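The values are calculated or read from the model by the stated rules, or taken from the named source; none is laboratory data. Predicted, not measured: the structure shown is a model, and the values here were computed from it. Because the Cβ atoms are built from the backbone with ideal geometry, glycine has one as well, and the counts that use them run over all protein chains shown. Just so you know, the surface numbers come from the protein's heavy atoms only, side chains and all, with ligands and any DNA or RNA stripped out. Shrake-Rupley method; radii C 1.70, N 1.55, O 1.52, S 1.80 Å.
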Amino acid sequence: DAVLHLKGLKKSYNKGLVNEVNVLRGVDLTLTSGEIVALVAPSGAGKSTLLHIAGLLDVPDAGTVEIGGQLLSGKSDRRRTVSRRQDVGFIYQFHHLLPEFNALENIVLPQLANAVPRAKAEDRANELLQRVGIKERAAHRPAALSGGEQQRVAFCRALANSPRVLLADEPTGNLDPATSDQVFATLMQLVRETGLSALIATHNMELAARMDRILKLENGVLVPG
Ligand code: ADP
Ligand code: ADP
């Protein structure tokens, strides 16, 4: 069954102007439970636009977004924010951790935003840090962590609220090749163990080949890679 279902997504910028760009021209995608799909696209092809629409951060001009069988595109900003906080985990190329808070707190805070009690949120954060192998770094602020450790914390934050779907934009793109390989393996293991569905954008065909399926974003549509 479909965890994420995108149908007929269209998105243009600068509509009606000379610099109009039709970024998405009819994107269809079904992510089933536990499926990990690679999204491969050249820079400027519309990868971020697609991930933002799929993650309910942006709205399409046409088409629909369903998560967990619920139609969410076209719902109010408030309704989409609630769904995003519960159902979607985001990972970016840069960690975007809060610099003033330590690793543990960075994983606790999104849970507090979802009304999880602090003690429970801390248990969950510690468990996740253990699973990515950096439990002993819990009290360190991001600046005191290596790039690989920062991304591992970002993975834990993305999974903190047990989302249905993980959306990742070049999750290891900022790391050197050796670190990238290790950190990517950790991410794959975490996603597999959790049974999460994931759409992971990458330029790295070696990493893409380790996922269940490859889709390329070309001329505004998804084609099998
Ligand atoms: P990618 O993530 O694949 O690099 P984006 O989704 O960021 O691509 O952008 C796709 C195209 O849409 C690019 O040509 C970009 O310049 C354009 N674009 C993205 N966001 C906007 C915006 N807010 N206003 C105008 N053009 C935009
Ligand atoms: P909160 O208000 O609890 O910080 P939001 O509902 O604003 O959470 O965001 C939920 C998720 O979406 C977070 O993972 C956040 O990093 C991400 N997010 C929010 N706004 C943007 C944006 N403009 N671009 C990319 N990601 C965003």
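Odds and ends about this structure:
- Separation of the Lys10 and Asn174 label points, Cα + 7 Å toward Cβ, nm: 3.6
- Equivalent ellipsoid, the stretch 46-98 (semi-axes from 5 times Cα gyration tensor eigenvalues, Å): 20, 14, 9
- Full-extension gain in nm, Asp28 to Asn126, via 0.36 nm per residue minus C-alpha separation: 31.5 nm
- Spatial separation of Cα centroids for the stretch 1-70 and the stretch 132-193, in angstrom: 24
- Residue order by solvent-accessible surface for Val3, Val221 is Val221, Val3, largest first, with ligands and nucleic acids left out and a 1.4 Å probe.
- In plain terms, the chain from Met188 to Ala139 could stretch by 15.1 nm, reckoned as 0.36 nm per residue minus the Cα-Cα distance.
- Translational D in µm²/s for the stretch 122-225 (Stokes-Einstein at 25 °C, 0.890 mPa s, Kirkwood Rh from C-alpha pairs): 168
- Stokes-Einstein D in µm²/s, Kirkwood radius over Cα pairs - the chain at 4 °C with 1.567 mPa s viscosity: 72
- Prolate is the label for the stretch 47-145. Its Cα gyration tensor axes, ordered a ≥ b ≥ c, give a/c of at least 1.5 and a/b above b/c.
- The chain: most fluctuating residue of Glu206, Glu170, Glu127 per GNM, C-alpha cutoff 10 Å: Glu206
- In Å², nearest 10: area of His140 left accessible to a 1.4 Å probe: 60
- Accessible area of the chain belonging to carbon and sulfur atoms, whole % at 1.4 Å probe: 50
- R0 of 41 Å, Cβ-Cβ distance Arg118-Leu71: FRET efficiency to nearest 0.05: 0.75
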